[in-house]
Amino acid sequence: MTTAAVIVAAGRGSRAGGTLPKQWQMLAGRPVLAHTIDAFRGHVDRIVVVIHPDDRSMAEAVAAGCDLVDGGPTRDASVGNALEALAGSAVMQVLIHDGARPLVSGAVIARVLTALQGHPGAAPALPVTDALWRGAEGLVAGTQDRSGLWRAQTPQGFRFAEILAAHRAHMGAAADDVEVARAAGLDVAIVEGEEANLKLTFAADFARAEAILKGRGMEVRLGNGYDVHAFTEGDHVWLCGVKVPHGRALLGHSDADVGMHALTDAIYGALAEGDIGRHFPPSDPQWKGAESHIFLRHATELMRARGFDLGNCDVTLVCERPKIGPHAAAMQAALAQIMGVEPDRVSVKATTSERLGFTGREEGIAALATACLVKA
């Protein structure tokens, strides 16, 4: 079932202080919105980010692979714009989330999606446990029974067609999408929220969020890449960014740098972003003969946009000839320069297949690569 996430980030958020709206302020070295978007990658098929028109350039820098939609004068109008942008697509269910809730966990997202299997709507919440007072002129004017009261969170999930119809029919403002859904007669299931899923509202919330992120510790991701290119006529091969003289060339849509292709796919794999073909389709003539550093730079930029750095990588070239040893140091330096890391984080080595298989018959070259990505 196709699922989309709508991340609402068009507000101005002045209560948080600072010169930028809260979704663009820095949290652990990255914009708040970058953390929020990353929380949904791998859980949904499509992400729509609702932005203020003035923020488009900032959004394009952190929302790679997402759809950007201009917001409206109110939150419910902004959500409506995003839902209309998805109308007519294959989306069957949608998660609507506050851009200023960057710490939502995969467990909360999963609970909402599970609840949607049996309900038209579902949302996380926490029961109210503190005593509640009514106040007037700075004095306690009474108490309020807290039985059955919940603190609402997001993402709030819905069957797409039903929440779209509910927004189209809703008149006036709404506190959240559960209010819109209930006004349309939709049942909304409550699932367990988390204290860490806080909404950044005031300046002090940023310090609390920083502490939570530090408590979560380091995130490490591993990716593997594998590529093969056959030999064709020529007098050199490109391997890991180095032009190596050889009696034959490698056949490919681009420059056929088999080592760099494997490494690029390893980084994409660690990010759950598919492979080179997804980002640079071979059917697109603009990539014919392209230099492979374009692909590796894109993967590296996407890695850093997602808050990761390269811990280390290892590339193994499998061939009988050309001999890789004399060029390995240059290849290591070339890859390090492209990715903007120290050379000691990059390993390039070679092996033969003992004259077995297509590499043993010198019909082509294979490459394997592993990349370790680290987010502090």
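The values are calculated or read from the model by the stated rules, or taken from the named source; none is laboratory data. Here the structure is a predicted model, which is why all the values come from computation and not from measurement. Methodologically, a virtual Cβ is constructed for each residue, glycine included, from the backbone with ideal geometry; neighbour enumeration extends over all protein chains shown.
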On the basis of being under 22 Å from GLY72 (Cβ atoms), of a type outside the set (Lys, Arg) and assigned by TED's automatic domain parsing to the domain that holds LEU33, does ILE163 make the cut?
yes
Filter segment 336-365 for residues that are part of a strand (DSSP E or B) and surrounded by fewer than 20 Cβ atoms within 10 Å (Cβ to Cβ); the one that is farthest from the chain's Cα centre (by Cα) is THR351
If SER283 passes every condition in (1) in contact with a Ser or Thr (Cβ under 9 Å, 6 or more places away or on another chain); (2) surrounded by fewer than 12 Cβ atoms within 10 Å (Cβ to Cβ) but one, which one does it miss?
(1)
Could you list all residues from segment 337-351 that are touching a strand residue (DSSP E or B) at 6+ places or on another chain (Cβ under 7 Å) and either at pLDDT below 95 or among the basic types (Lys, Arg) (or both)?
MET339, VAL341, ARG345, LYS349
(1) buried (at least 16 other Cβ atoms within 10 Å of the Cβ); (2) within 28 Å of the chain's Cα centre (by Cα): which one isn't true of GLY217, the others all being true?
(1)
Which of the residues that make up segment 220-245 are buried (at least 17 other Cβ atoms within 10 Å of the Cβ) and basic (Lys, Arg)?
ARG221
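Restricting attention to segment 121-175, report how many residues are closer than 30 Å to LEU86 by Cβ and hydroxyl-bearing (Ser, Thr, Tyr).
Selection size over segment 121-175: 1.
Taking the residues in segment 113-164 that are of a type in the set (Ser, Thr, Tyr) and surrounded by 10 or more Cβ atoms within 10 Å (Cβ to Cβ) as candidates, determine which candidate is nearest to HIS97 (Cα to Cα).
Applying the filter and picking the extreme gives THR154.
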What number goes with the only condition from (1) at pLDDT below 95; (2) crowded, with 22+ Cβ neighbours inside 10 Å; (3) more than 25 Å from ILE212 (Cβ to Cβ) that PRO21 does not pass?
(3)
